[in-house]
Amino acid sequence: MTGPADRRWAWTEVDLEAVAHNVVTLKALTRPGTLFMAVVKADGYGHGASEVAQAALAAGADRLGVATVDEGIRLRRAGITAPVHLLSEPPVSSVGSLVRYGLRPSLYSAEFAGALSHAGVAAGSAVPFHLKVNTGMNRIGVDWTDAAAFAETLRDLPGIALEGVFTHFATADVPGDWDFERQVERFATAVAGMRERGIDPGIVHAANSPATILHPATHLDMVRCGIALYGLHPCEATRGVIDLHPAMAVKARVSQVRRVPMGEGVSYGLTWRAASPTTVATLPLGYADGVRRGLSGVMRVLLGGVECRQVGRVCMDQLMVEVPRGLDVSEGDEAVLVGVQGDRTLTIDEQAECLGTINYELVCGYGARLSRAHLPAKVL
Ligand SMILES: *Cc1c(COP(=O)(O)O)cnc(C)c1O
């Protein structure tokens with residue numbers, strides 16, 4: 001028997017017990033009865049969508065959120081039967097697949113509503129959908145001023161059924177933000193407008209991870225958590241508020257060790273040169289695996305429980321690490337790029353900080369090519 005770890009000495013480890021802990025901890029912030037959507041788009045933010053989905057559902061999540069029809073189909077093919085939401089409106093040409101796989105689309109255009117209605121009638125059942133309201137993000141959705149009237153036009157369409165109404169915040173991660181408050185008010189106005197017209201909005205939802213953690217008033221009927229599910233903080237403000245466990249570690253084994261003579265350079269451009277004879281270890285992963293090239297020469301790697309400097313440019317499939325004097329490193333030794341080794345921890349957030357980006361982007365990147373080992377959650 002061989003597995004991915006035999007074929008390649010670089011992988012991510014995803015701790016599903018951490019995912020379960022995060023679901024339970026996030027749910028504890030909400031009132032009993034509040035639905036919990038685990039957002040597993042982009043292959044579970046690079047953590048493996050079906051494994052994360054199953055762990056989240058077992059830990060108490062009620063629904064799943066994805067970005068694309070194909071992401072939804074993959075969950076169904078993995079045997080997942082929980083409600084799966086598409087967080088934006090897919091192309092009209094996808095309605096057949098939506099109905100076949102029982103996916104719940106977001107809806108905000110008359111064209112899509114018409115096509116979905118036809119597909120629902122043909123299938124002989126009413127397809128549930130969620131109406132997306134734009135309250136200020138100005139990305140997708142029907143504008144909040146038009147939402148109630150639009151919902152009224154949908155009421156008479158056969159083959160579709162309004163199951164919920166939602167919006168998405170642009171600044172939930174900014175404490176005391178006025179634009180956030182304005183989005184909350186606009187959403188409330190849109191929902192009230194529907195009720196005035198005798199339309200039951202169903203499941204009303206708005207909160208992403210930062211709103212779930214920082215703004216209980218926005219929990220409404222359901223919260224939609226992505227980044228926090230994976231144990232990462234959406235912003236500084238949430239750090240003191242909730243204890244999240246990061247689920248992803250990035251690991252590799254040393255593929256070669258060499259002595260680099262004084263004055264010789266390492267990697268493309270020879271941008272780093274040995275000031276004295278230096279032991280350098282090669283790791284078989286690179287920017288095609290999500291180790292961003294911008295981390296060249298600034299990132300750290302744990303070897304033998306010691307924080308080592310990465311040196312030279314990060315290549316597509318390899319990177320090099322300076323082995324500190326006195327540390328004994330051999331081919332096959334485990335290296336940690338993100339995660340814990342001995343008493344040291346390297347975080348996604350430190351890398352994001354170095355790059356001037358967000359943890360969201362980096363975990364998605366680590367999902368691109370590395371194989372994943374999932375550590376199971378405890379059976380409750
Ligand atoms: C991605 C997404 C979420 C999850 O956001 P996080 O900040 O990762 O919690 C919630 N709602 C919608 C509509 C999204 O697109």
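The values are calculated or read from the model by the stated rules, or taken from the named source; none is laboratory data. Remember, predicted model here, so these are calculated numbers, not experimental data. Neighbour counts are summed over all protein chains in view; Cβ atoms, including those assigned to glycine, are modelled from backbone coordinates with ideal geometry.
Across segment 132-148, the qualifying residues are those that are part of a strand (DSSP E or B) and touching a Phe, Trp or Tyr at 6+ places or on another chain (Cβ under 7 Å), and the one among them that is farthest from Phe112 (Cα to Cα) is Asn134.
Within this structure, Glu353 fails the test of being at pLDDT 95 or above, of a type in the set (Asp, Glu) and touching a Ser or Thr at 6+ places or on another chain (Cβ under 8 Å). Based on what the data block shows, is Ala61 under 17 Å from His85 (Cα atoms), part of a helix (DSSP H, G or I) and within 16 Å of the ligand (Cβ to nearest atom)? So Ala61 does not fit the description; no.
Is it true that some residue in segment 251-264 is of a type in the set (Asp, Glu), over 19 Å from the mean Cα position of the chain (by Cα), surrounded by fewer than 19 Cβ atoms within 10 Å (Cβ to Cβ) and within 30 Å of Ser50 (Cβ to Cβ)? No: segment 251-264 contains no residue that is of a type in the set (Asp, Glu), over 19 Å from the mean Cα position of the chain (by Cα), surrounded by fewer than 19 Cβ atoms within 10 Å (Cβ to Cβ) and within 30 Å of Ser50 (Cβ to Cβ).
Given the criteria closer than 26 Å to Leu116 by Cβ and either assigned by TED's automatic domain parsing to the domain that holds Arg224 or not in a helix (DSSP H, G or I) (or both), does Ala151 qualify? Yes; evaluated as a whole, the condition is true for this residue. Within segment 34-49, the presence of at least one residue that is farther than 18 Å from Ala247 by Cβ, assigned to a loop (DSSP other than H, G, I, E, B) and touching a His at 6+ places or on another chain (Cβ under 8 Å) is confirmed. Count, please, the residues in segment 73-107 that happen to be away from the ligand (no atom under 16 Å from the Cβ) and more than 15 Å from Gly44 (Cα to Cα). Residues flagged as away from the ligand (no atom under 16 Å from the Cβ) and more than 15 Å from Gly44 (Cα to Cα) within segment 73-107 amount to 16. Would you call Met222 away from the ligand (no atom under 13 Å from the Cβ), surrounded by 21 or more Cβ atoms within 10 Å (Cβ to Cβ) and over 24 Å from Leu362 (Cβ atoms)? Answer is no for this residue. In the set (1) at pLDDT below 95; (2) charged (D, E, K, R); (3) within 15 Å of the ligand (Cβ to nearest atom), Asp173 fails one condition alone, (1). A single member of Ile242, Ile199, Ile203 is more than 16 Å from the ligand (Cβ to nearest atom), modelled with pLDDT of 95 or more and surrounded by fewer than 22 Cβ atoms within 10 Å (Cβ to Cβ), and it is Ile199. Taken over segment 127-146, the criterion of being away from the ligand (no atom under 16 Å from the Cβ) and crowded, with 21+ Cβ neighbours inside 10 Å is satisfied by Val127 alone.
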